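Student: Could you have a look at this structure, given as structure tokens, before my questions?
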Amino acid sequence: MTRNSQTEELVSLLRAMWLIRAFEEKVSALYAAHEIVGLLHLGIGQEAVAVGTCSLLRADDYVFGGHRSHGHAIAKGADVNRLMAELAGRATGYCAGKGGSMHIVAMDAGFVTATGVVGGTLPLALGAAFAAKERKRGQLAVVFFGDGAGQAGAFHESLNIASLWKLPVIFVCENNGYAEFTPLSAHTKVERLAQHAKTYAIPSRTVDGNDLLAVRAATKTAVAQARAGKGPAFVECLTHRMRGHYEGDPAKYRELSQLAEWKKKDPIARFSRVLKTKKAITDEESAAVEREARALIESAAEFALASPWPGPEEVDSQVTS
């Protein structure tokens, strides 16, 4: 099938989502085989938020994540070989195996850092946005966080400062309905976190986070506003994680019927159907996209597991005085 540039762009978005899904599923398998250890938080089912947002960013834009940020890093362009090696604790990883899943740093791709602290990167994103504003090159910062961060003091402080100083920062809330094991209704009376943005006079939108094109449309508006010097924007994406809070979590706190309903809204399957309806891709081509993504990730896993462990000399190799 001959594709025009617009169609090719749509297919590239599907390819990016499959790369994230394949990465997460392979990581899960390696975890089960004890090749990856420690706490592991997977974003299976939330790929449309990462790809829909990062696909509209420049290489020199800054992205900050949270504890579930493999997908954000990949969507921003992180090398899957180095990322896989990092999760496996190997010396060829982005942080020489010392950061692991929750402390990803991929500066070559513009992914500044992730964190295990709920809402911990919100203030850091403001710093990057402030620097971008001072440079006057049209750069911006994006920070991903979950609904649980809405109850953190740093969340409100960050919104307030971003609004006051008109910083080029986009707040992307991945509202998957749970703060770890606690449903949204149990930790706040505010059903939509975008309401908080309105309190601080920040333009906001709440969208279906499993609809890639809806996420892209909201992000496109937010990016244009930030680059034009009009200050911050807030995009709330309603989504769902298909796995528990961490790998191995029995997830008894949510109903099986709820999970089954969200599986019907799988962002990759939905976008594949959209592309087929648009005749942008055939069934065979769609299957080929998945195969290619899984082959790349299998290769990344082989690279990671064949890489050496970090030696004693790596203890302070990335520490600056």
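The values are calculated or read from the model by the stated rules, or taken from the named source; none is laboratory data. In this text the structure is predicted, and so the values were computed from the model without any measurement. Backbone-built Cβ (ideal geometry, glycine too); neighbour counts: all protein chains shown. Quick note on the areas: whole protein, heavy atoms, side chains included, nothing else; ligands and nucleic acids left out. Shrake-Rupley method; radii C 1.70, N 1.55, O 1.52, S 1.80 Å.
Student: Restricting to region 107-153, name every residue that is surrounded by fewer than 18 Cβ atoms within 10 Å (Cβ to Cβ), under 15 Å from Ala197 (Cα atoms), small (Gly, Ala, Ser) and in contact with a helix residue (DSSP H, G or I) (Cβ under 9 Å, 6 or more places away or on another chain). Break it down into steps so the answer makes sense when it comes.
Tutor: Quick first cut of region 107-153, residues surrounded by fewer than 18 Cβ atoms within 10 Å (Cβ to Cβ) only: 107-108, 116-117, 123, 127, 130-131, 134-138, 151-153.
Pick out the ones that are also under 15 Å from Ala197 (Cα atoms) and you get 151-153.
Then keep just the ones that are small (Gly, Ala, Ser); that gives 152-153.
Of everything in region 107-153, just one residue is surrounded by fewer than 18 Cβ atoms within 10 Å (Cβ to Cβ), under 15 Å from Ala197 (Cα atoms), small (Gly, Ala, Ser) and in contact with a helix residue (DSSP H, G or I) (Cβ under 9 Å, 6 or more places away or on another chain), namely Ala152.
Student: Residues being of a type outside the set (Asp, Glu) and assigned to a loop (DSSP other than H, G, I, E, B): count how many of those fall in region 278-321.
Tutor: 16
Student: In addition: Residue under question is Leu305, and the condition is that it be within 26 Å of the chain's Cα centre (by Cα), within 26 Å of Asn4 (Cα to Cα) and either of a type outside the set (D, E, K, R) or surrounded by fewer than 16 Cβ atoms within 10 Å (Cβ to Cβ) (or both); does it hold? Give the derivation first.
Tutor: Details: within 26 Å of the chain's Cα centre (by Cα): yes; within 26 Å of Asn4 (Cα to Cα): no; either of a type outside the set (D, E, K, R) or surrounded by fewer than 16 Cβ atoms within 10 Å (Cβ to Cβ) (or both): yes.
It is false that Leu305 is within 26 Å of the chain's Cα centre (by Cα), within 26 Å of Asn4 (Cα to Cα) and either of a type outside the set (D, E, K, R) or surrounded by fewer than 16 Cβ atoms within 10 Å (Cβ to Cβ) (or both).
Student: Oh, and also: Please report, ordered by residue number, the helices (runs of 4 or more DSSP H) entirely within region 41-145 with at least 1 residues that are under 19 Å from Arg15 (Cβ atoms).
Tutor: Those helices (runs of 4 or more DSSP H) span 47-54, 70-76, 80-87.
Student: Would region 108-115 turn up any residue that is of a type in the set (S, T, N, Q) and modelled with pLDDT under 95?
Tutor: yes
Student: Looking at (1) touching a helix residue (DSSP H, G or I) at 6+ places or on another chain (Cβ under 9 Å); (2) touching a residue at least 24 places away in the same chain (Cβ under 8 Å); (3) aliphatic (A, V, I, L, M); (4) farther than 19 Å from Cys237 by Cβ, can you tell me which one Leu39 breaks?
Tutor: Unmet condition: (1).
Student: Sticking with this structure for a sec: If I go through region 218-243 residue by residue, how many of them are open to solvent by 10 Å² or more (accessible area, probe 1.4 Å) and under 17 Å from the mean Cα position of the chain (by Cα)?
Tutor: Total meeting the criteria: 5.
Student: For region 61-114, give me each residue that is farther than 22 Å from His34 by Cα, in contact (Cβ under 8 Å) with a residue 60 or more places away in the chain and more than 12 Å from the chain's Cα centre (by Cα).
Tutor: Asp61, Tyr62
Student: If you check every pair at least six apart or on different chains, which have Cβ atoms under 9 Å apart with a residue in region 22-33 that is open to solvent by 20 Å² or more (accessible area, probe 1.4 Å) first and a residue that is among the charged types (D, E, K, R) second?
Tutor: Glu25/Arg294; Lys26/Arg294; Lys26/Glu298; Ala29/Glu35; Tyr31/Glu247; Ala32/Glu247
Student: Okay, next question. Which condition does Leu259 not pass, out of (1) surrounded by 12 or more Cβ atoms within 10 Å (Cβ to Cβ); (2) modelled with pLDDT under 80; (3) not in a helix (DSSP H, G or I), if it passes all the others?
Tutor: Just one mismatch for Leu259, condition (3).
Conditions (1) modelled with pLDDT of 95 or more; (2) more than 27 Å from Pro267 (Cα to Cα); (3) in contact with a Phe, Trp or Tyr (Cβ under 6 Å, 6 or more places away or on another chain); (4) of a type in the set (Asp, Glu), marked per residue:
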| site | (1), (2), (3), (4) |
| --- | --- |
| Phe144 | yes, no, no, no |
| Gly153 | no, yes, no, no |
| Phe181 | no, no, yes, no |
| Lys189 | no, yes, no, no |
| Asp208 | yes, no, no, yes |
| Val215 | yes, no, no, no |
| Ala218 | yes, no, no, no |
| Thr221 | yes, no, no, no |
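Student: Report yes if some residue within region 160-179 is assigned to a strand (DSSP E or B), aliphatic (A, V, I, L, M), at pLDDT below 95 and over 21 Å from Gly52 (Cα atoms); otherwise report no.
Tutor: Checked against the condition, which is being assigned to a strand (DSSP E or B), aliphatic (A, V, I, L, M), at pLDDT below 95 and over 21 Å from Gly52 (Cα atoms), region 160-179 yields at least one hit.
Student: Separate question: Taking the condition of being assigned to a helix (DSSP H, G or I) and charged (D, E, K, R), how many residues in region 264-277 meet it?
Tutor: Our first condition is that a residue be assigned to a helix (DSSP H, G or I); within region 264-277, this holds for 267-277.
Pick out the ones that are also charged (D, E, K, R) and you get 270, 273, 276.
Going through region 264-277 one residue at a time, the tally reaches 3.
Student: Yes or no: Gly45 crowded, with 24+ Cβ neighbours inside 10 Å and closer than 28 Å to Gln139 by Cβ? Show your work before the answer.
Tutor: On the way: crowded, with 24+ Cβ neighbours inside 10 Å: yes; closer than 28 Å to Gln139 by Cβ: no.
Spelling it out, it is not the case that Gly45 is crowded, with 24+ Cβ neighbours inside 10 Å and closer than 28 Å to Gln139 by Cβ.
Student: So, Thr92, is that one farther than 22 Å from Glu292 by Cβ and surrounded by fewer than 24 Cβ atoms within 10 Å (Cβ to Cβ) or not?
Tutor: yes
Student: Here's a follow-up. Scan region 60-117 for residues that are touching a Cys at 6+ places or on another chain (Cβ under 6 Å) and of a type in the set (Gly, Ala, Ser) and jot them down.
Tutor: Once the filter is applied, which keeps residues that are touching a Cys at 6+ places or on another chain (Cβ under 6 Å) and of a type in the set (Gly, Ala, Ser), region 60-117 yields only Ala75.
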